[in-house]
Amino acid sequence: MNNKQSICRKNIGIWISEKKSQKLNWKELIKTCNSHGYNLIKLDLEKSLEDQTECDVFLHKLTDVIAASDQGDLKALHIICNVQQYLSNHPNTTVIDPINNVRILLNRHCYYTILQEELSLQRHGIFTPNFAVFAEFKTCNIEQNIQIMRQRGVTFPVICKPTIAHGSKSAHEMVLIFNKKGLNACKPPCVVQSFVNHNAVLHKVFVVGNRYHICQRPSLKNFNASEELEPIFYTTGEVCKADSRSTLSILDPHDKPDIKLTLDENKIKPIIRLLREKIGLLLTGFDVVIDNVTDAEVRFDAKFRTYGGGGVVSLQP
Ligand SMILES: Nc1ncnc2c1ncn2[C@@H]1O[C@H](COP(=O)(O)OP(=O)(O)O)[C@@H](O)[C@H]1O
Ligand SMILES: [Mg+2]
């Protein structure tokens, strides 16, 4: 490559956390970018961006930083202001993905509402029964909360999730609740969703623009409402990582599925379109489970992923 060619290349300024950075194959990524005519420049967002490079593309995984900044963390706030200042000085820089679009996915109540209201999904045979319904609790008042659940059609068992979906470990601390008494375990602000039995299989969809990749992960075994059972506390990572070995994922003997529930990829495409058109994200992802009773596919948890959003929609076959 001569100098002239390298000058003609466009610059991708990239920022991801140190932890993610260590998992990335930088050599391969730089090579691929180069072969498409791009230089890849790792950015330090605590320093002035003007001094680092001129970004034609600003590629980032700032989800946790945006969440922390929105909750008043000063260091995070400084980083976000630095980025926003740079972007407003350079309106021609392409941002993947725009910060305000990413912000939508920081709040479960916010994106669940968007997904639930999205009629285009219903046109594709995607409905919002049990799984899609959710309720938000703002107080610990059980009588009031049970009332909210009834109004929204949310039934036990439920999963209680923090309203804030990113930014700290606690954003992924879940509680599985089997009865009214168990609602004591909720820490508002939080959302509750009806639990869907799905034979402990989670399908993770990773989206890059129009393309996607699906892989399977362990998930929670099947559960029913019960007056006796105490709440079960878990974190997503303990149960749903590729190498998680939680006892919560081991199906009960009578639950061994005879028929393997398969994912209809045609039901995935409208969701991808929705994430792009309604929320404006190119790099994203979501989780799908297949309801073992209705055989409907149920989606939840749209995530902004590095190369990888939440909501609750059920897709009927
Ligand atoms: N409504 C539900 N029914 C059944 N399982 C669920 C439901 N919601 C979440 N889960 C399980 O809990 C895990 C974490 O929930 P999720 O909304 O994906 O949170 P996170 O943002 O931490 O990924 C999921 O991966 C899945 O195993
Ligand atoms: Mg998830």
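The values are calculated or read from the model by the stated rules, or taken from the named source; none is laboratory data. Note that the structure is a prediction, hence the values are computed from the model and not measured. Cβ: placed from backbone, ideal geometry, glycine included. Neighbour counts: every protein chain shown. In case anyone asks, the SASA skips ligands and DNA or RNA and just uses the protein heavy atoms, side chains included. Shrake-Rupley method; radii C 1.70, N 1.55, O 1.52, S 1.80 Å.
When both residues are 6+ apart or on different chains and their Cβ atoms are under 9 Å apart, which pairs have a first residue that lies in region 211-232 and is assigned by TED's automatic domain parsing to the domain that holds residue 184 and among the β-branched types (Val, Ile, Thr), and a second that is at pLDDT 95 or above and outside any loop (DSSP other than H, G, I, E, B)?
232/174; 232/175; 232/176; 232/177; 232/248
Within region 54-65, which residues are in a loop (DSSP other than H, G, I, E, B) and surrounded by 16 or more Cβ atoms within 10 Å (Cβ to Cβ)?
Listed by number, the residues that qualify are 55, 56, 61, 62.
For region 81-114, which residues satisfy the criterion of being more than 14 Å from ligand 1 (Cβ to nearest atom), part of a helix (DSSP H, G or I) and over 16 Å from residue 69 (Cα atoms)?
Correct list: 86, 87, 88, 89, 113, 114.
If you go through region 171-191, how many residues are within 15 Å of ligand 2 (Cβ to nearest atom) and closer than 19 Å to residue 105 by Cβ?
Summing the residues that are within 15 Å of ligand 2 (Cβ to nearest atom) and closer than 19 Å to residue 105 by Cβ in region 171-191 gives 5.
For a quick check of your reading of the model, give me the residue pairs whose first member lies in region 271-291 and is part of a helix (DSSP H, G or I), whose second is basic (Lys, Arg) and within 16 Å of ligand 1 (Cβ to nearest atom), with beta-carbon atoms closer than 9 Å and at least 6 apart or on different chains.
Sorted first by the residue in region 271-291, then by its partner, the pairs are 271/299.
Checking the conditions here, which among 87, 74, 43 is outside the structural domain of residue 135 (by TED's automatic domain parsing), within 30 Å of residue 188 (Cβ to Cβ) and modelled with pLDDT of 95 or more? Steps first, answer last, please.
Details: 87 fails: within 30 Å of residue 188 (Cβ to Cβ); 43 fails: within 30 Å of residue 188 (Cβ to Cβ).
So the residue among 87, 74, 43 that is outside the structural domain of residue 135 (by TED's automatic domain parsing), within 30 Å of residue 188 (Cβ to Cβ) and modelled with pLDDT of 95 or more is 74.
Okay, residues lined up against (1) open to solvent by less than 50 Å² (accessible area, probe 1.4 Å); (2) in a strand (DSSP E or B); (3) at pLDDT 95 or above:
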| position | (1), (2), (3) |
| --- | --- |
| 202 | yes, yes, no |
| 206 | yes, yes, no |
| 215 | yes, yes, no |
| 223 | yes, no, yes |
| 228 | no, no, yes |
| 257 | no, no, no |
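When only residues in region 170-200 that are open to solvent by 30 Å² or more (accessible area, probe 1.4 Å) and over 20 Å from residue 229 (Cα atoms) count, which is farthest from ligand 1 (Cβ to nearest atom)?
The extreme case among them is 188.
Residue by residue through region 192-206, note down the ones that are among the β-branched types (Val, Ile, Thr) and either within 14 Å of ligand 2 (Cβ to nearest atom) or not assigned by TED's automatic domain parsing to the domain that holds residue 247 (or both).
196, 201, 205
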